[in-house]
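**Q** After the structure tokens below, expect a handful of questions from me.
None of the figures in this text is laboratory data; all of them are computed from the coordinates on show. Everything numeric in this text was worked out from a predicted model, so none of it was measured. Ideal geometry is used to build each Cβ from the backbone, glycine not excepted, and the neighbour counts take in all protein chains shown.
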Amino acid sequence: MNYIHNACMNGRQLRKKTGKTAAEIADTLGLRSATTISKWTGTASIPARHILLIEEKFGIPREELRPDLYRPAAPSSDAAATSGVAE
């Protein structure tokens with residue numbers, strides 16, 4: 001397993017980050033039961049099909065949830081060009 005895959009968030013980490021129970025997360029996401037969230041605890045990461053909805057509902061960036069799928073945005077060249085340079 002590579003280090004990026006190990007950095008992916010799982011169900012336990014999602015519950016800790018949101019401060020919600022598996023049942024509350026499942027309800028917010030429109031899933032049938034908390035068992036789905038609990039299954040994510042035993043896996044390496046949250047399934048890709050749920051990432052964007054979790055980002056929307058809980059405000060956790062997709063890059064944090066699944067860095068193996070979503071890479072952090074590179075700093076723009078405009079930011080580097082305007083950082084503290086007086087004209």
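**Q** Going out from 0 in 5 Å bins, what whole percent of all Cα-Cα distances in region 3-73 drops into each bin?
**A** Percent of pairs per bin, in order: 4, 18, 32, 29, 12, 5, 1.
**Q** Taking neighbour Cβ counts within 10 Å as the exposure measure, how do Ser38, Ser45, Ser33 sort from fewest upward?
**A** Sorted ascending by nearby Cβ count, the order is Ser33, Ser38, Ser45.
**Q** What net charge do the residues around Thr41 carry, taking every other residue with its C-beta under 9 Å from that of Thr41, with Lys and Arg at +1 and Asp and Glu at -1?
**A** Working: positive: Arg12, Arg15, Lys39; negative: none.
That sum, taken over residues with Cβ under 9 Å, equals +3.
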